[in-house]
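*Asks:* Sending over a structure as structure tokens; questions will come in a sec.
What follows is calculated from the coordinates using simple rules that are stated; it is not laboratory data. This is a predicted model, so every value here is computed, not measured. For neighbour counting, all protein chains shown are included, and Cβ atoms are generated from backbone atoms with ideal geometry for every residue, glycine included.
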Amino acid sequence: MVPQKIQIRTMDSGELGALGFIESRYNLPFSIRRIYYIYGGKENSERGHHAHKKLWQCMIVIKGSLTLVLDGDEGSFSYPLNNPREGIIIPPGYWREMHNITSDAVILVLASHDYDESDYIRDHNAFKSWLKEQALKPVPYLELSRYIDTYGSIVENSAIDAIRSGTYINGQNVQEFEQKFAAICGTRYAVGVGNGFAAIMLILEALGIGQGDEVIVCAAGFVATPLAVSRCKATPVFVDCNYNGNINPNAIERAIGQNSKAILLTHLYGNPADMDEINTIAEKYSIAVIEDACQAHGAKYKGRPCGSLGRAAAFSFYPTKNLGCFGDGGCVTTNDSKIASTVRKLANYGATKKYQHEIIGINSRLDEIQAAVLRAKLPYMHIWNERRNVLSNLYMERLSGIDCITLPTIEKNNIQSWHVFPIRVLEGKRDILREYLDQHGISTNIHYPCALHKQHCYSQEHGHEYFPEAETWAKEELSLPLDATHTDSEIMRICNAVRSFFGRRPI
Ligand SMILES: *Cc1c(COP(=O)(O)O)cnc(C)c1O
């Protein structure tokens, strides 16, 4: 992040003078927590000589003049400041000095945080070594606060507006978000619900799936998928995955029986499943296709968005998802007006009108504050997904040709949302590599360490079943850090650490 000059919007009123104004949300990359001003120094004085680790500032010289000198990771910058219509945004991590301050100078500073002495670095050598440390800092698997540092004010302001509106359930924010999200998914309806799990469960219920019914699910993936089936009192029928972790269409047909009502597939890691094959089988047996799109926000299968590829789709806005809110949230997308209205009703105590409960529903709604957060983040989702794509290409280039690892597959016709960057490490080496990366300050994850039919809650009934691919995934999968906020150099460091583990030279 480099410092940035901004123009202060000004209204001129002739004899009345000028009125300059700043709106945090539109003009600044941070929201203002503190304002201070400096005046009354000696002619030609100097100040500053410190840096901040986290604090953002915007400096405006209201009267008089000075020269602001900034020095940081991305270079040195010098600005003459003598015009109340201009401000300088100072990102964290810059050493700042103010020279040639005139005695009439009045300096206004807008700051992103409350006063905190531990945020200051007051010694120049200490600052230099702090900068060096930053470049060698551990690489987190995911650090959500990085988004706040960059986009915080936009999202925070949207949430503040929701708080101030006085409406917290079933208001404007949910409505507008639903419309926008449906448009992105290419569906007629999007219905906000409490979380991704509830989204799956409510779709199943809306389709009338329950006791005695069977739903086909993949044995590789997250436990929420089969749990939603079980919670509807239906039976999950596990099938194996294929080489990329997604449900294997060939295995589906063999699992279909008289009681099969639906195929519930996950676009695992944000990689769209083989929808043409799956839909063909579903049509042949007249059963429903439901997408668990909780990892596939913005992903596309042959040009069509995930969320629009079956009868209905479930999304989660859990904070770590490609589109996440500041708590729990989810939604159902569909073109089927009956599913949409039933899900909405079920999620709202079975009522469309207050105190008229037509069916036995539950309480599972997306709330206004979460919807406000999602609305503010939605325009960035594609930018963030594109950034994930760029970083995954970096991985693909730099990790290719290592015998012991298999890189994720890329389908030319599809756009992946890259929720996770999953590599497979030859059995037995995965955990040693993970430990090695950890010792080098690189955090990784495993998605998921246990195939679903082997999970304790299912092992009694399904533990004896055998799904070799899914069980191998559980033993070999390793998720490398991949988030829009990771830097190129972080990803390159990870690649070199993996390469060195396998005795390859760094690149
Ligand atoms: C996150 C996730 C869910 C559950 O979403 P919640 O909002 O946490 O309930 C379901 N399925 C998949 C594939 C997920 O990744």
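*Asks:* Given R₀ = 25 Å, what would the calculated FRET efficiency be for Ser145 paired with Glu176, taking r from the Cβ atoms and rounding to 0.05?
*Replies:* 0.40
*Asks:* Between rounded, prolate and oblate, where does the range 354-507 land on the alpha carbon gyration tensor, with a ≥ b ≥ c its root eigenvalues, rounded for a/c under 1.5, else prolate if a/b exceeds b/c?
*Replies:* Oblate, because a/c is 1.5 or more while a/b does not exceed b/c.
*Asks:* With viscosity set to 0.890 mPa s at 25 °C, what whole-number translational diffusion coefficient in µm²/s follows for the range 223-343 from Stokes-Einstein and a Kirkwood radius over Cα pairs?
*Replies:* D, rounded to a whole number, is 165 µm²/s.
*Asks:* What base-10 log of the normalised intensity I(q)/I(0) is obtained for the range 243-285 from the Debye formula, alpha carbons as equal point scatterers, at q = 0.25, 0.33 Å⁻¹?
*Replies:* Scattering profile of the range 243-285, log10 relative to I(0): -0.90, -1.33.
*Asks:* Further question on the same structure: Let me know the shape class of the range 20-160, please: from the alpha-carbon gyration tensor, a ≥ b ≥ c as square roots of the eigenvalues, rounded when a/c is under 1.5, otherwise prolate if a/b is greater than b/c, or oblate.
*Replies:* Values: a/c = 2.24, a/b = 1.26, b/c = 1.78.
Cα axes put the range 20-160 in the oblate bin.
*Asks:* At a temperature of 10 °C and a viscosity of 1.306 mPa s, determine how fast the range 366-443 diffuses translationally according to Stokes-Einstein, using the Kirkwood radius over alpha-carbon pairs as Rh; express D in µm²/s, rounded to the nearest whole number.
*Replies:* My calculation gives 104 µm²/s for D.
*Asks:* To the nearest Å, what is the center-to-center distance of the range 410-432 and the range 220-288, using C-alpha atoms only?
*Replies:* 20 Å
*Asks:* Under 12 Å between alpha carbons, and skipping anything fewer than 8 positions from Lys345 in its own chain: which aspartates and glutamates qualify?
*Replies:* The qualifying aspartates and glutamates are Glu205, Glu358.
*Asks:* Rounded to whole Å and sorted largest first, list the principal axis extents of the Cα atoms in the range 319-359.
*Replies:* Principal extents (largest minus smallest coordinate, Cα): 36, 24, 12 Å.
*Asks:* What is the packing order of peptides 121-128, 221-228, 22-29, taking the mean over residues of other C-beta atoms within 10 Å and listing the highest first?
*Replies:* So the order, starting with the most tightly packed, is 221-228, 22-29, 121-128.
*Asks:* Taking Cα atoms of the chain, Rg/Rh with Kirkwood Rh, to two decimals?
*Replies:* When Rh is taken as the Kirkwood radius, the ratio is 1.05.
*Asks:* Now, a different point. Expected output is a single nm value to one decimal: the length gained when fully extending between Thr10 and Tyr436, i.e. 0.36 nm times separation in residues minus the C-alpha distance. What is it?
*Replies:* Stretched fully, the Thr10-Tyr436 segment lengthens by 147.7 nm.
*Asks:* Once the mean 1/r over all distinct Cα pairs of the range 271-324 is inverted, what Kirkwood radius in angstroms do you read off?
*Replies:* Details: mean 1/r = 0.0859 Å⁻¹.
Computed over Cα pairs of the range 271-324, the Kirkwood hydrodynamic radius comes out at 11.6 Å.
*Asks:* Filter the DSSP H helices in the chain by two things, a Kyte-Doolittle mean of at least 1.0 and an axial alpha-carbon span of 24 angstrom or more, and list the hits by number.
*Replies:* Qualifying helices, which must be both long enough and hydrophobic enough, do not occur.
*Asks:* Under a straight-distance cross-link criterion of Cα-Cα below 16 Å, which aspartates and glutamates are reachable from Lys302, leaving out those fewer than 8 residues away in the same chain?
*Replies:* Here the aspartates and glutamates satisfying the reach criterion relative to Lys302 are Asp274, Asp276, Glu277, Glu291, Glu411.
*Asks:* Continuing with this model, one more query. Answer rounded, prolate or oblate for the range 85-214, using the Cα gyration tensor with square roots of eigenvalues a ≥ b ≥ c: rounded when a/c is under 1.5, else prolate when a/b is larger than b/c, else oblate. Before the final figure, lay out each step's value.
*Replies:* Numbers: a/c = 3.84, a/b = 2.13, b/c = 1.80.
Prolate.
*Asks:* Under a cut-off of 29 Å between alpha-carbon atoms, report the lysines in cross-link reach of Lys429, not counting same-chain residues fewer than 8 places apart.
*Replies:* Correct list for Lys429: Lys137, Lys321, Lys454, Lys475.
*Asks:* Right, next: List the residues of the range 107-123 whose backbone N lies under 20 Å from a point placed 7 Å from the Cα of Ile163 along the Cα-to-Cβ direction.
*Replies:* 111-116
*Asks:* Could you work out the Rg to Rh ratio of the range 176-249, with Rh taken as the Kirkwood radius (inverse of the mean 1/r over all Cα pairs)?
*Replies:* 1.04
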